[in-house]
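Data first, discussion second: the structure below is written as structure tokens.
The values are calculated or read from the model by the stated rules, or taken from the named source; none is laboratory data. Remember, predicted model here, so these are calculated numbers, not experimental data. Counting neighbours? That spans all protein chains shown, and the Cβs are built from the backbone with ideal geometry, glycine included.
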Amino acid sequence: MASAAAILVLVVGMLTACGTRDSTKSGEQSAAELAAAAVDAYTYAYPLVTMEYTRRALTNVASPDGSRAPQGQFARKREYPDAGFRAVTAPNADTLYTTAWFDVAKEPWIVSVPDMGDRYYLLPMLDGWTNVFASPGSRTTGTKAQTFAITGPGWKGSLPAGVTEYKSATDMVWLLGRLYCTGTPEDYAAVHALQDQITAVPLSSYGKPYTPAPGTVDPSIDMKTAVRDQVNALDGASYFKLFADLLATNPPSPDDAPILAQLGKLGIVPGQDFNAAKLDPAVTEAIADAPKPAQSRIMAWAKDGVSAGDNSYRDGWLFTTKTGRYGTNYRQRAYITAIGLGANLPQDAIYPASQGQSPTQTYSGANKYVMHFDKGQMPPVKAFWSLTMYDADYFFVANPLNRYTLSQRNPLKENADGSVDLYIQADSPGADKESNWLPAPKDRFILMLRMYWPTENPPSLLDGSWKVPAVEQTSA
């Protein structure tokens, strides 16, 4: 039986297909209207296309290698990412990733998790549109052993006793697990043992001996260029062709009906092939011209989102509590995809980011900065916090200490009054301050403050009763 979403897509597809033939050939749509529709459609499609490119890059291996694994198998990161890591923007250097991609079109996948003891962890799962549809872990389900099933949008059936069901709205699923680790050899070993006990099997093999098949390697897939750069380099026709193909197994939400009508004007109909060459020349031109203005519009959401009330800005820090589930806020969804694909629900993590001391300034390694925390005012979290250094493209910065973050696991030196100063600059502030030094590049950089499991009672960033301190330039 077809799902409600599938029925909606079919109905809207029939209506918009008819509308496309009438409007695009009769010239009823002005060039400006078509251009705007193409930019909106590009923005709407951006997460799904990016997820597909990410899936390709992270599963294009014969066997797991730490960062990548064949679909249906876990990639278990054994140490923190370094400055050469380019698979995902804004990577995390506080947890060891344990990730897997699943195709739940044919049957569910069963994931088994061991008893984590007092180890903080979370296993959020994203559908093809980057919505977090479930987030088992310390905050939500506790740390005891558990087993759950990831089921697809069209699956109906029974699961073994004791297995919790998490239903995805799409056949594409990314489980982006994180286990907190201090980074010491002893803690690495302890986390590795837990990672190895997180396993997945298809439902048909549950309770039976199971050996996953080797993966296949497609040499045509670019494994060197950052995914975001690959997506942004696609011409309009190729971009929308891939998007149309992905819609077949990653159906839109019923709430997306209005944007589906716009897609129909461009010849993009869920369940139908897309061929830009067969469209009216005006539509073809709008599609060809869409990528660059759409990309600019997505990135402009850093500012526009503040005016819209979806993002908050104070003392140079931009953050949002609207991540993980986006509804019809397509610019927010696309923006988060661009700068931090895989973002969690705000109850699990908030990511204040800062590109400069004000909207008109940017940080530069030519200057020196200090971030001051008054006594007792360190980031209020139940799990952990960290301040991460990124270059202008949201990747780690190479430095002599191989230090990409400062966090509660660092032996931070307090001032005489109990306050804490973090030194953010390209060169060492001196041996006596080096414990509190976050190395910066010589040129532009971006800061991100990760707050995992933020407190919900004051002081809290969630309700505004705690605020991120400003980063001040200093001459010292």
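Filtered by the rule that a residue be buried (at least 19 other Cβ atoms within 10 Å of the Cβ) and either within 13 Å of Val113 (Cα to Cα) or of a type in the set (Ser, Thr, Tyr) (or both), region 147-165 gives Phe148, Ala149, Thr151. Name the residues in region 384-443 that are among the aliphatic types (A, V, I, L, M), under 29 Å from the mean Cα position of the chain (by Cα) and under 17 Å from Met371 (Cα atoms), would you? Within region 384-443, Leu387, Met389, Leu406, Leu422, Ile424, Ala426, Leu438, Ala440 qualify. Taking the criterion of being of a type outside the set (D, E, K, R), exposed (fewer than 14 other Cβ atoms within 10 Å of the Cβ) and within 21 Å of Thr89 (Cβ to Cβ), the residues of region 220-253 that qualify are Ile221, Thr225, Ala233.
Restricting region 254-271 to residues that are surrounded by fewer than 17 Cβ atoms within 10 Å (Cβ to Cβ) and touching a helix residue (DSSP H, G or I) at 6+ places or on another chain (Cβ under 9 Å), the residue that is farthest from Ala237 (Cα to Cα) is Pro254.
Scanning region 307-330 for residues that are surrounded by 16 or more Cβ atoms within 10 Å (Cβ to Cβ) and within 13 Å of Ala353 (Cα to Cα) returns Asn311, Ser312, Tyr313, Gly316, Trp317, Leu318, Phe319, Thr320, Thr321. Do we have any residue at all in region 88-111 that's closer than 30 Å to Lys292 by Cα and at pLDDT 95 or above? Yes, region 88-111 contains a residue that is closer than 30 Å to Lys292 by Cα and at pLDDT 95 or above.
To keep it simple, each residue is scored yes or no on (1) over 19 Å from Trp129 (Cα atoms); (2) polar (S, T, N, Q).
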residue: Trp317; (1), (2): yes, no
residue: Thr328; (1), (2): no, yes
residue: Ala343; (1), (2): no, no
residue: Tyr390; (1), (2): yes, no
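Looking only at region 183-193, decide whether some residue is outside any helix (DSSP H, G or I), surrounded by fewer than 18 Cβ atoms within 10 Å (Cβ to Cβ), modelled with pLDDT of 95 or more and not aliphatic (A, V, I, L, M). Looking through region 183-193, none of the residues is outside any helix (DSSP H, G or I), surrounded by fewer than 18 Cβ atoms within 10 Å (Cβ to Cβ), modelled with pLDDT of 95 or more and not aliphatic (A, V, I, L, M).
Listed by position, the strands (runs of 3 or more DSSP E) contained in region 98-160 that have at least 3 residues being under 23 Å from Gln197 (Cβ atoms) and not aromatic (Phe, Trp, Tyr) are 109-113, 146-151.
Counting only helices (runs of 4 or more DSSP H) that sit completely within region 281-324, those holding 1 or more residues that are touching a Gly at 6+ places or on another chain (Cβ under 8 Å) correspond to 281-289, 291-299. Might you let me know whether region 76-94 holds any residue that is in a strand (DSSP E or B), under 16 Å from the mean Cα position of the chain (by Cα) and either surrounded by fewer than 19 Cβ atoms within 10 Å (Cβ to Cβ) or assigned by TED's automatic domain parsing to the domain that holds Met172 (or both)? Taking every residue of region 76-94 in turn, none turns out to be in a strand (DSSP E or B), under 16 Å from the mean Cα position of the chain (by Cα) and either surrounded by fewer than 19 Cβ atoms within 10 Å (Cβ to Cβ) or assigned by TED's automatic domain parsing to the domain that holds Met172 (or both).
Per-residue answers, yes or no, for (1) of a type in the set (D, E, K, R); (2) within 30 Å of Ala416 (Cβ to Cβ); (3) under 14 Å from the mean Cα position of the chain (by Cα):
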{"residue": "Ser307", "(1), (2), (3)": "no, no, no"}
{"residue": "Tyr313", "(1), (2), (3)": "no, no, no"}
{"residue": "Thr323", "(1), (2), (3)": "no, no, yes"}
{"residue": "Gln332", "(1), (2), (3)": "no, no, yes"}
{"residue": "Tyr351", "(1), (2), (3)": "no, no, yes"}
{"residue": "Ser358", "(1), (2), (3)": "no, no, no"}
{"residue": "Gln361", "(1), (2), (3)": "no, no, no"}
{"residue": "Met371", "(1), (2), (3)": "no, yes, no"}
{"residue": "Met378", "(1), (2), (3)": "no, yes, no"}
